[in-house]
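Read-outs: derived from the displayed coordinates by stated rules, not from any lab. Bear in mind that the values here come from a model prediction, so they are computed numbers and not experimental data. Positions of Cβ are generated from backbone atoms using ideal geometry, with glycine treated the same way; all protein chains shown enter the neighbour counts.
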Amino acid sequence: MAVIYNDEKQIFHLQTKGTSYVMQVVRNKYLLHLYWGKRVQNYCGTRSIILKNRGFAPNPQENDRDFSLDTLPMEYPHGGNGDFRSCAFGIREQNGSRICDLSYVGYEIMKGKPKLEGLPCSFGSEEEVSTLKIHMKDKISGLSVFLLYSVFENADVITRSVVFENRGNSPLTLTKMLSMSVDFRESGFKVMTLYGAHNNERNVDLRPLKSGMVQIESLRGTSSPQQAPFMALLEANASEESGNIYSANFVYSGNFTALAQADAFENVRFQMGMNPWNGEWYLEPNEKFFTPETVMVFSSQGLNGMSQIYHNFYQHNLIRSKFAFQPRPILINNWEATFFDFNEDKLLALADKAAQTGIELFVLDDGWFGHRDNDDSSLGDWVTDKRKLPLGLSHLSDEIHNRGLKFGLWFEPEMISRNSELFRNHPEYALHTEGRPYTFGRGQLVLDLSNGEVCRYVIESVSKVLRETKIDYVKWDMNRHLTDVGSINFPMERQGEIFHRYVLGLYKILEELTTEFPDILFESCSSGGGRFDPGMLYYMPQTWCSDNTDAVCRMKIQYATSFTYPVVTMGAHVSEVPNQQTGRVTPLQTRGQVAMSANFGYEIDLTKLSSEELDEIKKQVAFYKDIRNTIQFGKFYRIKSPFDENVAQWNFVSGDGSQVVAFHFEILSQPAAPIKILKLKGLEADAVYRDISTGYEYGGDELMYSGISIPIEKKDFRSVCFRFVKVN
Ligand code: GLA
């Protein structure tokens with residue numbers, strides 16, 4: 001039973017195979033949070049809450065000084081009447097009042113999972129998931145708040161979101177509407193977040209939470225490379241392998257906030273949701289507002305355990321593309337090979353070489369449309385540039401297909417260049433406030449996707465190309481963040497909605513395009529991994545992980561991205577050396593083995609490589625095809641972190657357990673070098689495995705507990721790969 005309700009005690013107990021999440025209604029009004037953590041078989045809740053009179057803690061009842069919302073663990077707190085910690089939601093009534101006092105009304109338990117209007121969210125069959133809906137109401141304003149909890153019993157995941165409904169007679173404004181708030185009656189956590197920048201996405205930050213708040217956010221209009229929409233609380237002894245971890249990942253591609261707040265009594269509040277900055281929503285009577293969903297994962301087996309849960313869940317219950325379980329093609333992208341300077345001959349010469357090496361998909365990147373010779377023009381004009389491709393895009397696509405390759409195309413549909421036909425005809429399509437100057441990013445402006453007409457234009461102009469040309473893959477780029485956010489199409493009281501309306505417009509576009517073109521493999525991109533979030537993954541099953549293709553940097557970027565996202569979702573390419581982002585020269589083997597640890601491809605001018613290099617690439621491509629199923633659909637285990645050491649190690653185990661691929665990377669060569677040991681993970685202890693290249697056999701327990709020694713080599717940036725097959 002995924003949702004258990006104890007009528008006598010008014011206790012809700014959500015139970016997955018490894019987790020319990022418990023709430024209780026007290027005084028027939030307040031919803032308290034009792035527990036989130038390792039599964040409890042029977043939660044009686046007998047001495048969960050001890051009431052205590054604390055100084056400066058306000059009381060709802062005059063003579064009841066022990067009872068204070070400021071000291072109780074609240075399930076969905078509002079700040080106006082005595083809980084001074086971070087609130088989960090806020091309202092403003094027509095008279096300016098910001099107070100709200102929720103009372104419990106009732107609950108409903110449903111099989112399956114309701115959709116969230118206009119938003120991407122996880123899904124599951126009636127057997128896989130049950131949903132608890134708790135109804136709370138503020139009598140004075142008439143606001144109803146529905147807390148939704150979907151319990152994926154076997155996947156070990158609970159998702160949360162909130163629906164607000166104005167059942168009063170007057171409009172009101174939602175000033176904050178987080179999706180998740182959890183109060184722990186304990187502390188001592190370390191807070192883990194993933195921060196970064198363009199070319200340097202997802203570094204690990206681990207901070208002790210002593211007092212006050214650790215908060216991350218994006219105010220950029222997208223989930224951003226600066227902070228991933230992810231936070232985890234690690235118990236003091238938690239590590240990669242063991243210990244309790246409480247984490248959340250936000251299924252949303254816009255502004256967000258995530259925080260952990262410690263109070264004076266060693267309680268911790270953990271919250272996630274849409275960022276309230278410029279994030280209000282005006283709610284007319286009878287209107288509803290749906291918050292995006294938070295995926296909550298508890299692991300008692302450290303970070304590896306947490307990642308396994310996310311990977312499995314996203315593959316099965318979030319990525320809805322038919323490609324979720326299809327082997328992804330090895331691609332060549334012309335961007336770093338040609339940038340904007342190409343013509344059909346040049347592209348076909350690259351395609352010829354790609355075909356010879358066994359590469360499967362040719363992607364034409366930026367520069368094929370309008371008159372775009374650099375990045376200062378033509379965004380919005382999705383019409384082939386006949387100067388570069390006089391025979392047209394379809395001709396090029398046919399030629400690529402004739403060579404046995406699939407054909408993919410780059411778009412940046414959310415943007416508009418000032419120097420474009422679109423802007424000349426429709427300057428009002430750009431996000432902008434009348435009378436104020438424009439703010440540029442990469443020399444371009446952002447389309448106002450809060451405007452339905454603009455969304456229609458994007459859908460029509462992109463679909464036209466996709467209908468007229470045989471296209472197997474689309475790279476959907478987004479290369480700047482949102483500024484000048486406002487829209488004359490909305491009244492004053494709705495100007496705070498535009499950030500969210502932009503994201504809703506984007507989701508509407510993606511919904512229509514991915515529905516009309518289900519056979520196209522979509523890859524999302526935002527100057528690399530700048531919008532790598534579960535919201536985008538719902539529509540697009542893979543994301544270009546970073547514009548930084550340097551093998552050493554990529555070890556870290558891919559390592560940290562794997563905390564929540566399956567490796568099959570991470571685009572990873574081999575590029576030239578010296579690397580264009582870092583200037584570093586790394587061996588082709590290492591570049592290959594780092595990239596083939598994810599969704600593999602090349603971004604390099606194959607026509608300039610020596611025959612030895614091309615031979616090596618041919619071997620890499622053939623090798624990846626051999627291991628592709630294990631990499632893309634097997635289990636991924638991190639072993640050693642490049643954030644901690646001079647090495648990175650990880651291994652993959654195929655779904656049926658028969659194939660194992662392990663990688664060892666050593667960054668700098670060291671004097672008096674220690675002999676490194678690779679201890680594999682996820683094998684069957686009593687099975688025997690054969691090393692495919694040497695024929696040596698090892699016990700599964702031997703490989704995991706004793707490990708294999710890596711011979712020393714005096715070489716920087718080296719990589720070693722092992723492939724094992726289970727023999728019994
Ligand atoms: C972004 C992408 C790159 C490339 C360029 C083209 O930076 O991340 O991969 O497509 O745009 O302008």
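When the chain is fully extended, how far beyond the present Cα-Cα distance does ALA197 get from ASP373, taking 0.36 nm per residue of separation?
Values: separation 176, 0.36 × 176 = 63.36 nm, distance 2.64 nm.
Gain in length upon complete extension: 60.7 nm.
Using a Cα-Cα cut-off of under 23 Å, which lysines could be cross-linked to LYS679, ignoring same-chain neighbours fewer than 8 residues away?
Of all the lysines, those that pass the test against LYS679 - Cα under 23 Å, at least 8 places apart if same chain - are LYS556, LYS635, LYS640, LYS714, LYS715, LYS726.
Mind listing the long-range amide H neighbours of LEU431? Cut-off is under 5 Å, sequence gap 5 or more, other chains count too, H placed in the peptide plane at 1.01 Å from N.
Under 5 Å from the amide H of LEU431 lie the amide H atoms of VAL446, LEU447, ASP448, each far enough along the sequence or on another chain.
How many angstrom lie between the C-alpha centres of region 94-113 and region 3-19?
Centre-to-centre (Cα) distance: 20 Å.
Between LYS322 and LYS29, what is the spin-label point distance in nm, taking each point 7 Å from the Cα along the Cα→C-beta axis?
Inter-label distance under the simple model: 5.6 nm.
State the answer as a single residue: which of VAL647, ALA685, SER527 lies farthest towards the positive end of the charge dipole of the chain, with beta carbon charges of +1 for Lys and Arg and -1 for Asp and Glu, about the Cα centre.
Toward the positive end, the furthest listed residue is ALA685.
Hey, what angle do you get for helix 611-633 against the long axis of the chain, alpha-carbon based, 0 to 90 degrees rounded to 10?
30
Could you grab the relative contact order for the chain? Cα pairs under 8 Å, six or more apart, rounded to a whole percent.
Working: 1798 pairs, mean separation 71.6, N = 728.
Relative CO of the chain lands at 10 percent.
Principal axes first, then extents: for the Cα atoms of the chain, list largest minus smallest coordinate on each axis, whole Å, largest first.
86, 69, 46
Pop out the ³J(HN,Hα) list for region 336-348 in order, Karplus 6.51 cos²θ - 1.76 cosθ + 1.60 with θ = phi - 60°, rounded to Hz; leave Gly and Pro as x.
6, 7, 10, 6, 7, 9, 8, 9, 4, 4, 5, 5, 6
Note down the magnitude of the dipole of region 279-342 about its Cα centre, charges +1 on Lys and Arg C-beta and -1 on Asp and Glu C-beta and zero elsewhere, to the nearest 20 debye. Mind dumping the intermediate values first?
Numbers: 4 positive and 6 negative charges, 91 e Å.
The calculated dipole for region 279-342 is roughly 440 debye.
For region 301-454, what's the relative contact order in percent, using C-alpha pairs closer than 8 Å and at least 6 residues apart? All intermediate terms of the calculation are to be shown ahead of the outcome.
Values: 198 pairs, mean separation 29.9, N = 154.
After rounding, I find 19 percent.
Just report the Cα centroid separation between region 145-214 and region 304-357, whole Å.
The two parts, judged by their Cα centres, are 32 Å apart.
Based on alpha-carbon centroids, what's the gap between region 611-628 and region 376-411 in Å, whole number please?
The two parts, judged by their Cα centres, are 27 Å apart.
Return the lysines within reach of LYS210: Cα separation strictly under 16 angstrom, same-chain partners fewer than 8 residues apart disregarded; answer none if there are no such residues.
Once the sequence-local lysines are set aside, what remains near LYS210 is LYS190.
Within 10 Å, count the other beta carbons around each residue, average over each peptide in 401-414, 700-713, 268-281, and list them highest first. Each step should come with its number before you reach the end.
On the way: 401-414: 20.6, 700-713: 14.9, 268-281: 22.2.
Going by the mean number of other Cβ atoms within 10 Å, highest first, we get 268-281, 401-414, 700-713.
Take every Cα pair under 8 Å in region 667-728 that's 6+ residues apart, average their separations, divide by the length, and report that relative contact order as a whole percent. Don't skip to the end; give the middle numbers.
Numbers: 94 pairs, mean separation 28.1, N = 62.
Averaging sequence separation for qualifying contacts and normalising by length gives 45 percent for region 667-728.
Taking R0 as 35 Å, what FRET efficiency do you get between ALA236 and ASN169 from their Cβ-Cβ distance, rounded to the nearest 0.05? Before the final figure, lay out each step's value.
Values: r = 51 Å, r/R0 = 1.47.
In this case the efficiency is close to 0.10.
Kirkwood-based Rg over Rh for region 134-244 (C-alpha set), two decimals? Intermediate results must be reported in sequence, preceding the final value.
Working: Rg = 18.0 Å, Rh = 17.3 Å.
We get a ratio of 1.04 for region 134-244.
In debye, nearest 20: dipole of region 422-481 around its Cα centre with unit charges on the Cβ of K, R (+) and D, E (-)? Each step should come with its number before you reach the end.
Working: 9 positive and 8 negative charges, 43 e Å.
With Lys and Arg at +1 and Asp and Glu at -1, about 200 debye.
Full-extension gain between ASP656 and PHE490, please, as 0.36 nm times their residue separation minus the C-alpha to C-alpha distance. Working shown, then result.
Numbers: separation 166, 0.36 × 166 = 59.76 nm, distance 5.46 nm.
Fully extending the segment from ASP656 to PHE490 adds 54.3 nm.
How large is ³J(HN,Hα) for each residue in region 16-29, as worked out from phi by the Karplus curve 6.51 cos²θ - 1.76 cosθ + 1.60 (θ = phi - 60°), to whole Hz, x for Gly and Pro?
3J(HN,Hα) across region 16-29, in whole Hz: 10, 5, x, 10, 10, 9, 10, 9, 9, 8, 10, 6, 6, 9.
For region 362-399, which trypsin sites (Lys or Arg not before Pro) are in a loop by DSSP, counting at most 14 other Cβ atoms within 10 Å?
Sparse-neighbourhood loop trypsin sites (Lys or Arg not before Pro): LYS386, ARG387.
Can you compute the charge dipole magnitude of region 647-691 about its Cα centre, using +1 on each Lys and Arg Cβ and -1 on each Asp and Glu Cβ, nothing else charged? Give it in debye, rounded to the nearest 20. Walk me through the intermediate numbers first.
Working: 4 positive and 5 negative charges, 37 e Å.
Here region 647-691 has a charge dipole of around 180 debye.
Label GLU284 and ILE50 with points 7 Å out from Cα along Cα→Cβ: what is the distance between them in nm?
5.3
Of all DSSP beta bridges in the chain, what percent run antiparallel (nearest 5)?
Once the DSSP bridges in the chain are tallied, antiparallel ones form about 85 percent.
List, largest first, the extents of the alpha carbons of region 226-371 along their principal axes, each in whole Å.
So the extents along the principal axes, rounded to whole Å, are 70, 48, 28.
Would you please name the trypsin sites (Lys or Arg not before Pro) within region 693-726 that are DSSP coil residues with at most 14 other C-beta atoms within 10 Å of their C-beta? Walk me through the numbers before you get to the answer.
On the way: sites: LYS714, LYS715, ARG718, ARG723, LYS726; in loops: LYS714, LYS715.
Sparse-neighbourhood loop trypsin sites (Lys or Arg not before Pro): LYS714, LYS715.
Lysine pairs in region 82-148 8 or more apart or on different chains: how many have alpha carbons under 23 angstrom apart?
Working: LYS111/LYS133; LYS113/LYS133; LYS113/LYS137; LYS115/LYS133; LYS115/LYS137.
So the count works out to 5.
Please give the peptides 289-296, 57-64 ranked by average Cβ packing (other Cβ atoms within 10 Å per residue), highest first, as a rough proxy for protection. It would help to have the intermediate numbers written out before the result.
Working: 289-296: 25.2, 57-64: 11.9.
Descending packing order for the listed peptides: 289-296, 57-64.
Can you give me the three principal axis dimensions of region 13-75 from its C-alpha atoms, in Å, biggest first?
Largest to smallest, the principal-axis extents are 43, 22, 18 Å.
Please give the contour-minus-distance gain from ALA622 to LYS115: 0.36 nm per residue of separation, less the Cα-Cα distance, rounded to one decimal in nm.
On the way: separation 507, 0.36 × 507 = 182.52 nm, distance 4.19 nm.
Difference between extended and current length: 178.3 nm.
Quick one, what does Rg over Rh come out to for region 480-618 if you take C-alpha atoms and the Kirkwood Rh?
On the way: Rg = 18.9 Å, Rh = 17.3 Å.
Across region 480-618, the Cα-based Rg/Rh ratio is 1.09.
Using a Cα-Cα cut-off of under 25 Å, which lysines could be cross-linked to LYS388, ignoring same-chain neighbours fewer than 8 residues away?
Output for LYS388: LYS346, LYS353, LYS406, LYS464, LYS470, LYS475, LYS608.
How large is ³J(HN,Hα), in whole Hz, for each residue of region 436-442 in order, when computed from phi with the Karplus curve 6.51 cos²θ - 1.76 cosθ + 1.60 and θ = phi - 60°, using x for Gly and Pro?
Karplus values, whole Hz, x for Gly and Pro: 9, x, 7, 10, 9, x, 6.
Highest mean first, what order results for 670-679, 335-344, 223-232 on Cβ atoms within 10 Å? Working shown, then result.
Working: 670-679: 11.8, 335-344: 17.1, 223-232: 26.1.
So the order, starting with the most tightly packed, is 223-232, 335-344, 670-679.
So for the pair ASP716, PHE123, with labels modelled 7 Å out along Cα→Cβ, what separation do we get in nm?
Taking the simple label geometry, ASP716 and PHE123 are separated by 4.9 nm.
Given R₀ = 30 Å, what would the calculated FRET efficiency be for PHE643 paired with TYR705, taking r from the Cβ atoms and rounding to 0.05? Don't jump to the answer; show the numbers that get you there.
Working: r = 24 Å, r/R0 = 0.81.
Efficiency, from the Cβ-Cβ distance: 0.80.
Once Lys and Arg get +1 and Asp and Glu get -1 on their Cβ, which of GLY55, SER187, PHE490 lies farthest toward the positive end of the dipole of the chain?
Of the candidates, GLY55 comes out farthest on the positive side.
By the scheme Lys and Arg +1, Asp and Glu -1, what is the net charge of all other residues having a beta-carbon under 13 Å from that of ASP448?
On the way: positive: ARG456, ARG501; negative: GLU414, GLU428, GLU434, GLU453, ASP484, GLU497.
Neighbourhood net charge equals -4.
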